Amino acid sequence: MKEKLVIGRLFKRSFIIIQIVLYPLFGWIFYTLIMNSIKNTTFITSTPYALMQMKIALIVILIVGFIMAIPGYGTKQIISIDHQRFRYCSAEGLIAKYQQFINILFNQEQNYEVNIALNDIKKITLIYSDIYMLWSQKGHSIIFNIDLKDGTLMKIQPDNLYLDKKNCLEGIEFMEKCGIQVNDPYHLKDALRNEEISFAEYIEKVRKDNED
């Protein structure tokens with residue numbers, strides 16, 4: 001039996017390092033192309049100081065663009081389960097996104113907003129909700145309703161839109177093997193297990209069947 005299983009995937013450290021290396025390269029190419037295209041224009045030749053101002057402005061834009069791009073590498077939500085604890089990293093908020101980026105880059109453990117002992121969990125109930133994307137596209141997200149033994153209720157709704165169904169199913173089954181009671185009133189594990197249709201299609205089919 002595995003010692004640990006993670007639902008969801010973070011950006012790989014190697015991918016981030018490659019992006020960090022490529023950004024200055026493409027930035028320099030972009031900078032060179034822009035400078036070569038404007039340095040001989042009438043405005044620049046008649047006002048030489050403008051060229052230096054353009055150089056400074058372009059460098060600032062590239063640096064700010066890099067700083068603004070960094071949070072994009074720290075937007076992944078994950079659930080980590082081992083034989084002792086249930087952890088959830090949401091990466092919500094700009095600071096959390098930067099922190100996740102830094103943790104990946106330096107191969108450090110992520111900061112988990114939820115970190116509870118398995119012995120404190122009474123049961124987990126799987127439900128779903130609708131999510132709407134660009135162009136009015138509709139998807140569905142799995143919600144983990146966690147019922148703790150002290151009476152506390154917690155709702156975790158990771159971004160399942162890009163999660164691999166097999167990975168999510170393995171994570172849920174791993175929870176059960178670790179002794180967590182998982183209630184599945186909507187048979188969402190069947191939806192994750194079904195390789196013939198997507199998770200969203202399964203949910204819509206269930207809804208249609210219930211209406212008929």
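Summary table
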read-out	value
Selected residue (criterion: surrounded by the most Cβ atoms within 10 Å (Cβ to Cβ)) from residues of region 144-163 that are part of a loop (DSSP other than H, G, I, E, B) and at pLDDT 80 or above	Q157
Residue within region 13-25 that is basic (K, R), open to solvent by 80 Å² or more (accessible area, probe 1.4 Å) and closer than 30 Å to L169 by Cβ present	yes
Residue identified as over 28 Å from A200 (Cα atoms), among the acidic types (D, E) and open to solvent by less than 40 Å² (accessible area, probe 1.4 Å) among D120, D82	D82
Lone unmet requirement of (1) modelled with pLDDT under 90; (2) out of contact with any helix residue (DSSP H, G or I) (no Cβ under 7 Å at 6 or more places or on another chain) for M54	(2)
Of all residues making up region 94-119, the number that are more than 18 Å from P71 (Cβ to Cβ), touching a helix residue (DSSP H, G or I) at 6+ places or on another chain (Cβ under 8 Å) and of a type outside the set (D, E)	1
Check on N183, modelled with pLDDT of 90 or more and among the polar types (S, T, N, Q)	yes
Residue check, E109 outside any helix (DSSP H, G or I), more than 12 Å from the chain's Cα centre (by Cα), on the phi < 0 side of the Ramachandran plot and among the acidic types (D, E)	yes
Unique residue being open to solvent by less than 60 Å² (accessible area, probe 1.4 Å), among the polar types (S, T, N, Q) and either at pLDDT below 90 or more than 15 Å from R85 (Cα to Cα) (or both) when the list is S129, S136	S129
Which numbered condition S141 misses (of (1) within 30 Å of E204 (Cβ to Cβ); (2) open to solvent by 20 Å² or more (accessible area, probe 1.4 Å))	(2)
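The values are calculated or read from the model by the stated rules, or taken from the named source; none is laboratory data. These figures come from a predicted structure and were not determined experimentally. In this analysis, Cβ positions are derived from the backbone assuming ideal geometry, glycine residues included, and neighbour counts consider all displayed protein chains. Keep in mind that these areas ignore ligands, DNA and RNA; they rest on the heavy atoms of the full protein, side chains included. Shrake-Rupley method; radii C 1.70, N 1.55, O 1.52, S 1.80 Å.
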